[in-house]
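As structure tokens, the structure follows; a few thoughts come after it.
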Amino acid sequence: MEIQDIPAGESWACRFRTTVFVDANGEPIDSPNLQIGQAHPGQPQIYEGIGVIQVRDQTNERVQLQDTKSLRQYTVSYADVWDCDTIEWVEETA
């Protein structure tokens, strides 16, 4: 299903791509305390993941999602998402 055809109020996820700073293993990294002129420890690279859709902006064709692996939020264009499918929420038992 295409991202613009997803019914409102349902839980969906999709594959996505975005450019972020990654470590040597290709995992996204943050450097919240960088000082002016200090080099970032990662390298910019295209990162692909699976994200739970949180917000869709139909006007600007952007989607905010949460990466299932890193739990980071990303905002990407509709052109950078594919393979949308419904989510089946399952509660873990202790």
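The values are calculated or read from the model by the stated rules, or taken from the named source; none is laboratory data. This is a predicted model, so every value here is computed, not measured. Please note: Cβ atoms are built from the backbone with ideal geometry, for glycine as well, and neighbour counts cover all protein chains shown. All accessible areas refer to the heavy atoms of the entire protein, side chains included, with ligands and DNA or RNA removed. Shrake-Rupley method; radii C 1.70, N 1.55, O 1.52, S 1.80 Å.
Here, region 1-56 yields an orientationally averaged convex hull projection of 5.4 nm² when only Cα atoms define the hull. Top mean-square fluctuation among Q43, Q64, Q35, Gaussian network model of the chain, C-alpha springs under 10 Å? Highest fluctuation of the listed residues: Q35.
Peptide packing: for 76-87, 10-21, the average count of neighbouring Cβ atoms within 10 Å per residue gives the ranking 10-21, 76-87, highest mean first. Between A24 and Q4, the simple label model (points 7 Å from Cα in the Cβ direction) yields a spacing of 4.5 nm. Between Y47 and T18, T19, V20, the built amide H atoms are under 5 Å apart, and every one of these is 5 or more places off in sequence or on another chain.
Among V52, V63, V22, the largest mean-square fluctuation in a Gaussian network model of the chain, built with springs joining Cα atoms closer than 10 Å, belongs to V22. Please express the Cα-Cα pair-distance distribution P(r) of the chain as a list of whole percents, one per 10 Å bin, running from 0 to the bin with the greatest distance. P(r) for the chain, in whole percents per bin: 15, 42, 26, 14, 2. Taking 7 Å steps out from each Cα toward its Cβ at W82 and Q64 produces label points 2.7 nm apart.
Solvent-accessible area per residue in region 1-90 equals 68 Å², computed with a 1.4 angstrom probe and all protein chains kept.
If the segment from R72 to H40 were pulled out straight at 0.36 nm per residue, it would be longer than the present Cα-Cα gap by 9.7 nm.
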